[in-house]
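K.L.:
Just passing along the structure, written as structure tokens.
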Amino acid sequence: MTTAPKSTTSLRDRLFPRRPLDAQEMFGARAMRRIVRALPPVEAAYATIRFTIMRSKLLSVMDLLLPPDGRILDLGCGFGLFAAYFAQTQPARQITGVDFNAKRIEMATGVMQSLGLTGHDFIAGDVRDLHVDGGFQGIYVLDVMHHVPKEDQEKLLGTLYNLLAPGGVLILKDITTEPWFGLKFTEYLDRVMVGWDEPLAYRHHTEWGDMLAKLGLKTRAVRVPDVLPYPHVVIAGWKT
Ligand SMILES: C[S@@+](CC[C@H](N)C(=O)[O-])C[C@H]1O[C@@H](n2cnc3c(N)ncnc32)[C@H](O)[C@@H]1O
């Protein structure tokens, strides 16, 4: 009597088979874990909270909107958490991150290095005074616009428009101003991070959409529901 060959598939893979359509989302969770492991303890704790707030659903929306290759600008990149995420999900992307916090820029460079992600660069500087070459296929601004003073926001969007290549996409992920409770919940947590002196300049998502449309971008916006009361919105504008 012959015995059946022993299966080499792990129990995990048998319970949760990796079908091609699942791959991105499955990889998303793995990409996040790798980034958290590449950071020192305090930043790793922050990254875990940040990835919990952002959730793979929201990141998948942005991942799908961003081109799978080409030059991409991450405006206000912080520690480079999301640059490291989008660089892992689509390795042909070349990401440039800008943030005025030099320590975060140094850390973003280190995270990319320790994950073996090459072809990306991080620049310390104010996003209102950008010194980067244009022709980006994608630009994303993840929870940064409301940290830019209100009077500078429209001018900054104009600069970003000029930095986009034809056919390129500008993605704003921000917090909209309704429902009121959601805004106050977010504002309180933002205040814990930045203190009570820094201005926080949120806008309703239709205002962002109108400003992008005024620049000539074709826009679409979606709310991304969350179990927490964050009123997340993603607004995308394509340059024709
Ligand atoms: C809430 S954090 C978001 C960081 C990152 N995008 C993320 O989602 O984890 C806002 C970031 O914007 C940066 N920032 C705010 N205003 C800026 C400015 N005018 N120029 C450059 N960076 C700025 C801060 O240093 C901070 O890292």
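K.L.:
Any idea how many residues of region 44-62 are crowded, with 20+ Cβ neighbours inside 10 Å and either touching a helix residue (DSSP H, G or I) at 6+ places or on another chain (Cβ under 7 Å) or among the polar types (S, T, N, Q) (or both)?
P.N.:
Counting residues in region 44-62 that are crowded, with 20+ Cβ neighbours inside 10 Å and either touching a helix residue (DSSP H, G or I) at 6+ places or on another chain (Cβ under 7 Å) or among the polar types (S, T, N, Q) (or both) gives 3.
K.L.:
Moving on. If you go through region 86-117 one residue at a time, how many are out of contact with any strand residue (DSSP E or B) (no Cβ under 7 Å at 6 or more places or on another chain), among the aliphatic types (A, V, I, L, M), open to solvent by less than 30 Å² (accessible area, probe 1.4 Å) and outside any loop (DSSP other than H, G, I, E, B)?
P.N.:
The total comes to 2.
K.L.:
Next up: Quick one: A29 ticks every box in (1) part of a helix (DSSP H, G or I); (2) modelled with pLDDT of 90 or more; (3) farther than 28 Å from D133 by Cα except a single one, so which number is it?
P.N.:
Just one mismatch for A29, condition (2).
K.L.:
Follow-up question, since we're still on this one. Restricting to region 179-209, name every residue that is part of a helix (DSSP H, G or I), farther than 14 Å from M145 by Cβ and away from the ligand (no atom under 16 Å from the Cβ).
P.N.:
Matches in region 179-209: W180, F181, G182, K184, T206.
K.L.:
Just one of the numbered conditions (1) free of Cβ contacts under 8 Å to residues at least 40 places away in the same chain; (2) away from the ligand (no atom under 16 Å from the Cβ) is not true of Q137; which one?
P.N.:
It fails just one condition, (1).
K.L.:
Output yes when any residue across region 164-171 is touching a Ser or Thr at 6+ places or on another chain (Cβ under 9 Å) and away from the ligand (no atom under 15 Å from the Cβ), and no when none is.
P.N.:
Within region 164-171, one or more residues are touching a Ser or Thr at 6+ places or on another chain (Cβ under 9 Å) and away from the ligand (no atom under 15 Å from the Cβ).
K.L.:
Condition (residue is of a type outside the set (K, R) and either farther than 23 Å from F51 by Cβ or touching a Pro at 6+ places or on another chain (Cβ under 8 Å) (or both)) applied to region 63-81: is it met by at least one residue?
P.N.:
Yes: region 63-81 contains one or more residues that are of a type outside the set (K, R) and either farther than 23 Å from F51 by Cβ or touching a Pro at 6+ places or on another chain (Cβ under 8 Å) (or both).
K.L.:
Do we find that L157 is within 16 Å of the ligand (Cβ to nearest atom), out of contact with any Ser or Thr (no Cβ under 9 Å at 6 or more places or on another chain), modelled with pLDDT of 95 or more and open to solvent by less than 40 Å² (accessible area, probe 1.4 Å) in this structure?
P.N.:
yes
The values are calculated or read from the model by the stated rules, or taken from the named source; none is laboratory data. Just so it is clear, the model here is predicted, and its values are computed rather than measured. Quick reminder, even Gly has a Cβ in these numbers, built from the backbone with ideal geometry, and neighbours come from all protein chains shown. Each accessible area value is taken on the protein alone, full model and side chains, heavy atoms only, with ligands, DNA and RNA left out. Shrake-Rupley method; radii C 1.70, N 1.55, O 1.52, S 1.80 Å.
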